[in-house]
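Asker: Quick one: the structure is below, questions incoming.
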Amino acid sequence: MKELTQKALDVLKELGASYGDIRIVETRTQTIRTKNGNVDALSSSRSKGFGIRALYDGAWGFSSSSTLTEDEVVKVAREAVEIAKASATVKRDKDVVLSPVKPVVSRWTSPVKIDPFSVKTEDKVALLLEADKLMADRKEVKVRIGSMACQREDKIFASTEGSYIEQTKVETGAGIEATAADRGELQRRSYPTSFGGNWATAGYEIVEKMKLLDHAERVSREAVELLSAKQCPSGVMDLIIDSSQLALQIHESCGHPIELDRVFGQEASFAGTSFLTTEKLGTFQYGSEEVTITADATLPGGLGSFGFDDEGVPAQRVTIVDKGIFKNYLTSRETAHELGQVSNGAMRADGWNRIPIIRMTNISLEPGDWTLDEMIKDTKDGILVATNKSWSIDDKRLNFQFGTEIAWEIKDGSLGAMLKNPTYTGITYEFWRSCDAIAGKDEWELWGLPNCGKGEPGQVAHVGHGASPARFRRVKVGVGKW
Amino acid sequence: MVDKKPLGRENALEVIDKLIHWSPGDLTEVVLRSDSTALTRFTKNYIHQNVAERDYTVTVRVIFGKKIGSVTTNFLHDDSLKEAVEDAAAIAKLQPPNEEFEGLPEPEPLPDVDCFVPETDSFSAKSRALAVKEVVEVAKERGFEASGAFSTGTMELAVGNSRGVRAYNVSTYAALSTVMMGADGSGYAEASGRDVREIRPGEVARIARDKCAMAQNPVSIAAGEYEVVLEPLAVAMLLSYLGRAGFSALAVREGRSFLTGRLGQKLFDEKFNMWDDGLDPRGFPIPFDLEGVPKRKVTLVENGVAKELVYDYNTAKKEGRKSTGHGGFRGWGPMPVNLFMGEGTATLEEMIRSTKRGILVTRFHYTNMAHPLKVLITGMTRDGTFLIEDGYITKAVKNFRFTESALRVFSTLDMIGRETVRVERTVVPAIRVPAFNFTGVTEF
């Protein structure tokens, strides 16, 4: 492959590109989905191609192709430059400048204990069907789903600055869910979390650790119990959020607004911008003193972990919010330069045919020193919510609303009745400022979200979030008319 | 991207023939796509991203009895294709039979729909940049900043199976959208179609600019129940949720739809009509679905009565029906993807004049389903939200969060616009609804 990457870089230089890079990416995935006792999908896919970025006359161009030949590489490199020239006709008042990065020749491989592709497909199918059987006893359960997937990505990155980086990343995920319906009500429960379960940059060991069979009966039972559970009350009360829902809360209300490309308006036409404008950097009280949030691309097992980002910047751990104060953005070489910084390595592309854009790594709420039990005992009037069902946030990432699969009321320090259709809403910084208790390391879990959408054309990123349960005071819950 | 020449019908069908010939399965299905797409993205009046792509995707399903293996590859060499068939056959054999599987469709005559516009296919990066320049110039006239995207592309879709289905289509699309931003408000407009010549960048820009101008200096008003006038972009979003949540035959059979046990009932206002038509040139026509079955028009709601559902081959076979050409989404079941809502008699101005104290919504943002049986949706307003008082727009307001049921919206609407607008694959008018729940307010 080195001949092909070198050819691309030579052409880019010949044509006068001030910077250029090429990524050759091959992705292999296997997906298994069971539904109501049947194998609903058993598929594998393979995609390979390359993408070339060119910076010419201070503007960007990108082209890509799945035909991996020298001729095609030359054509695509030329087209990337032609597209950059077109970009330069509607240019900013200043050229794109990239903050410096040390050229690297390296190879990185994600740690894997059990290669998920080496596990017999029959065994994976059997596990999901066994879990399905354990969810099948209740007539109200209309849809039972089991899902498992694994992915291996082999990537080569080479730049005109001299970097040549090879990376191999293996990811695995699995989950189960039961949907119950009866007399005009429909409820769902999932394990370990919703929308395809949990994912990690790891091998089949993560599936074994999940112990899906130990949870299948409970998932089915709770889905049915929710059908006749009390409706979540409306009002302002204390809210304790479980680790998996908190992962999505962090994702939407911290992970996205700290993307510096959003702050600079580069996503304005689609996903929106950010309330965390640059004058807030270093001074803005994002949350309470309890709240420390990190972005850590080096976290073992994190779905947002890697060796180098797609600009060849090494993976890093960055403090985003330090005891409540907003300290850092996620940056690229281009955006970091605007702030007089160097990139902290957050540029990733969804495959060979997309440009890198700023993506979350593993954005985590650092553990506190409470336990969930202590929080419940310390709460007079509130609810405990678990497992995401719906999410929505405005285009500056301020006003959010989440729905969860399940909740329990908390009265005078004790967990009470199960509640259905829980929702809560708030304004991001007011919400995080109301956080007064975070559970400790023992209850801290790392979640992988394989479905973070951003960009045009659309890109899906795999990102991670660590969290332990936390309490938020006086939150509006039970939104809307049910 | 570089070699923009499509595969062509003969080459595409040859790939399908080869795969079916090599397959050891009792049944075999092949779906082939080629995509040649480009997109120019701009922010704050300059182009910041500009991309192009060319790819092929072949998915082969090999079936033994009711055991199905599926492999997708983007390699079209014979060796890779043979490997794909062998792998699909191998993984099919590793599983128990899927008792829900009903087979593959037989060939049917396909409608002749011209979806290809050469001018769209050959639209260049330079042409897109010129269009963006036009949008930017309009923004600059008022000191606004334009962001947006202009995309064009050509897609080939070929479907074949061992029962004789052979379907091929080549289509083009073009889309321009822009958000224009002023000091403290924004406006939005978009246009799309198969023919890039129908997109007039200046017109799109002027609509966004005028909205943006009106949207400045927004005031915050309390959330609550308001009369609303929803412009087509907002209506299209609600209609899509309604279609997907309710009108899939699989969702109804599994009890996931609000129509389970209620088909034939009057669930909506009698002025409300909704149908799916993949052949109507006012939308994004395409002659067949991902199973190679011809698209059929399906009347979903007639005069407020829920009439019919959309079917794929599997759900149709189970009920002794014919597929309506809405298949290929596998486990998700059939889905209506070319929705139309019938027009009414009102102008937008008449709807505003009929509103005592209400909100005019340009579009919604980041919506999500809070409860599928209630079709309860939450989301934000965006890019032009205005207060109507005594029949006139009086001021811009800060954006609201809404938490509202689409069932309630379409059963209580009292005015429907007389003009329909294409919003991607959906064609809708504006509507007026006497009571709509806004449950929160944001800071801008």
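Asker: Right, B:Ile63: touching a residue at least 12 places away in the same chain (Cβ under 8 Å), more than 7 Å from chain A (Cβ to nearest Cβ), crowded, with 20+ Cβ neighbours inside 10 Å and part of a strand (DSSP E or B) or not? Please lay out each step first, then the result.
Answerer: Values: touching a residue at least 12 places away in the same chain (Cβ under 8 Å): yes; more than 7 Å from chain A (Cβ to nearest Cβ): yes; crowded, with 20+ Cβ neighbours inside 10 Å: yes; part of a strand (DSSP E or B): yes.
Criteria met by B:Ile63.
Asker: Further question: Residues of region B:283-306 being of a type in the set (Val, Ile, Thr) and over 17 Å from B:Arg321 (Cβ atoms), which ones?
Answerer: B:Ile286, B:Val301, B:Val305
Asker: Kindly indicate the residue of region B:204-255 that is out of contact with any helix residue (DSSP H, G or I) (no Cβ under 8 Å at 6 or more places or on another chain) and among the charged types (D, E, K, R) and also farthest from B:Ala175 (Cα to Cα) among those meeting that condition.
Answerer: B:Glu254
Asker: Which numbered condition in (1) within 12 Å of chain A (Cβ to nearest Cβ); (2) open to solvent by less than 40 Å² (accessible area, probe 1.4 Å); (3) within 22 Å of the chain's Cα centre (by Cα) is the only one that B:Met180 fails?
Answerer: Result: B:Met180 passes all but (3).
Asker: Just checking, which of A:Gly16, A:Gly37, A:Gly61 is open to solvent by less than 30 Å² (accessible area, probe 1.4 Å) and either in contact with a strand residue (DSSP E or B) (Cβ under 9 Å, 6 or more places away or on another chain) or away from chain B (no Cβ under 11 Å) (or both)?
Answerer: Going through A:Gly16, A:Gly37, A:Gly61 in turn, the sole match is A:Gly61.
Asker: Looking at this structure, is A:Ser47 at the interface with another protein chain (Cβ under 10 Å from one of its Cβ atoms), open to solvent by less than 30 Å² (accessible area, probe 1.4 Å) and touching a strand residue (DSSP E or B) at 6+ places or on another chain (Cβ under 8 Å)?
Answerer: So A:Ser47 does not fit the description; no.
Asker: Also: Would you check if there is a residue in region B:10-18 being open to solvent by 10 Å² or more (accessible area, probe 1.4 Å), assigned to a loop (DSSP other than H, G, I, E, B) and either more than 18 Å from B:Leu104 (Cβ to Cβ) or more than 8 Å from chain A (Cβ to nearest Cβ) (or both)? Quick ask: steps written out before the conclusion?
Answerer: Keep residues of region B:10-18 that are open to solvent by 10 Å² or more (accessible area, probe 1.4 Å), which gives B:10-11, B:13-15, B:17-18.
So of that shortlist, the ones also assigned to a loop (DSSP other than H, G, I, E, B) come out as none.
No, region B:10-18 contains no residue that is open to solvent by 10 Å² or more (accessible area, probe 1.4 Å), assigned to a loop (DSSP other than H, G, I, E, B) and either more than 18 Å from B:Leu104 (Cβ to Cβ) or more than 8 Å from chain A (Cβ to nearest Cβ) (or both).
Asker: Have a look at A:Arg144, A:Arg152 and point out the one that is within 30 Å of the chain's Cα centre (by Cα) and away from every other protein chain (no Cβ under 14 Å).
Answerer: Just a single option satisfies the conditions, and that option is A:Arg152.
Asker: Right, another one. Let me confirm something: among A:Ile176, A:Ile156, A:Ile165, A:Ile145, which residue is surrounded by fewer than 20 Cβ atoms within 10 Å (Cβ to Cβ) and in a strand (DSSP E or B)?
Answerer: A:Ile156
Asker: I'd like to check which helices (runs of 4 or more DSSP H) are fully inside region A:182-293 and have at least 2 residues that are open to solvent by 20 Å² or more (accessible area, probe 1.4 Å) and out of contact with any Asp or Glu (no Cβ under 7 Å at 6 or more places or on another chain).
Answerer: A:205-210, A:212-227
Asker: What is the residue count in region A:124-139 for residues that are open to solvent by less than 40 Å² (accessible area, probe 1.4 Å) and within 12 Å of chain B (Cβ to nearest Cβ)?
Answerer: 5
Asker: Here is a check on your reading of the model: is A:Glu259 touching a residue at least 24 places away in the same chain (Cβ under 8 Å) and closer than 30 Å to B:Asn45 by Cβ?
Answerer: yes
Asker: Could you grab me the full set of residues in region B:313-338 that are more than 18 Å from the chain's Cα centre (by Cα), buried (at least 16 other Cβ atoms within 10 Å of the Cβ) and part of a loop (DSSP other than H, G, I, E, B)?
Answerer: Within region B:313-338, B:Ser323 is the sole residue that qualifies.
Asker: Just give me the residues in region A:429-482 being part of a loop (DSSP other than H, G, I, E, B), within 14 Å of another protein chain (Cβ to nearest Cβ) and out of contact with any Pro (no Cβ under 9 Å at 6 or more places or on another chain), in sequence order.
Answerer: Of everything in region A:429-482, those that are part of a loop (DSSP other than H, G, I, E, B), within 14 Å of another protein chain (Cβ to nearest Cβ) and out of contact with any Pro (no Cβ under 9 Å at 6 or more places or on another chain) turn out to be A:Gly455, A:Glu456, A:Pro457, A:Gly458, A:Val479, A:Gly480, A:Lys481, A:Trp482.
Asker: Within region A:76-89, restricting attention to residues that are more than 16 Å from B:Phe42 (Cβ to Cβ) and facing chain B (nearest Cβ under 9 Å), which residue is surrounded by the most Cβ atoms within 10 Å (Cβ to Cβ)?
Answerer: Result: A:Ala80.
Asker: Residue by residue through region B:36-55, note down the ones that are surrounded by fewer than 20 Cβ atoms within 10 Å (Cβ to Cβ) and under 24 Å from A:Thr69 (Cα atoms).
Answerer: B:Thr37
Asker: When region A:313-351 is examined, which residues are found to be surrounded by 19 or more Cβ atoms within 10 Å (Cβ to Cβ), under 19 Å from the mean Cα position of the chain (by Cα) and not in a strand (DSSP E or B)?
Answerer: A:Ala315, A:Asn328, A:Tyr329, A:Thr331, A:Ser332, A:Asn344, A:Gly345, A:Ala346, A:Ala349, A:Asp350, A:Gly351, listed by residue number.
Asker: Can I ask one more? Counting only residues that are under 17 Å from B:Asn437 (Cβ atoms) and open to solvent by 10 Å² or more (accessible area, probe 1.4 Å), how many does region B:405-424 have?
Answerer: Final tally of qualifying residues: 6.
Asker: While we're on this one: Considering only residues of region B:362-403 that are open to solvent by 10 Å² or more (accessible area, probe 1.4 Å), farther than 24 Å from B:Thr178 by Cβ and part of a strand (DSSP E or B), which is nearest to the other protein chains (Cβ to nearest Cβ)?
Answerer: Among residues in region B:362-403 that are open to solvent by 10 Å² or more (accessible area, probe 1.4 Å), farther than 24 Å from B:Thr178 by Cβ and part of a strand (DSSP E or B), the one nearest to the other protein chains (Cβ to nearest Cβ) is B:Asn368.
Asker: Shifting gears a bit: Looking only at region B:92-113, count every residue that is among the charged types (D, E, K, R) and at the interface with chain A (Cβ under 8 Å from one of its Cβ atoms) and tell me the total.
Answerer: The number of residues fulfilling the criteria is 2.
Residue-wise test of (1) assigned to a helix (DSSP H, G or I); (2) out of contact with any Gly (no Cβ under 6 Å at 6 or more places or on another chain); (3) crowded, with 16+ Cβ neighbours inside 10 Å.
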{"position": "A:Val74", "(1), (2), (3)": "yes, yes, yes"}
{"position": "A:Lys91", "(1), (2), (3)": "no, yes, yes"}
{"position": "A:Asp95", "(1), (2), (3)": "no, no, no"}
{"position": "A:Ser99", "(1), (2), (3)": "no, yes, yes"}
{"position": "A:Pro111", "(1), (2), (3)": "no, yes, no"}
{"position": "A:Phe117", "(1), (2), (3)": "no, yes, yes"}
{"position": "A:Glu122", "(1), (2), (3)": "yes, yes, no"}
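The values are calculated or read from the model by the stated rules, or taken from the named source; none is laboratory data. All of these numbers come straight from a predicted model, not from anything done at the bench. Reconstructed Cβ throughout: ideal geometry from the backbone, glycine too, with neighbour counts over all protein chains shown. All accessible areas refer to the heavy atoms of the entire protein, side chains included, with ligands and DNA or RNA removed. Shrake-Rupley method; radii C 1.70, N 1.55, O 1.52, S 1.80 Å.
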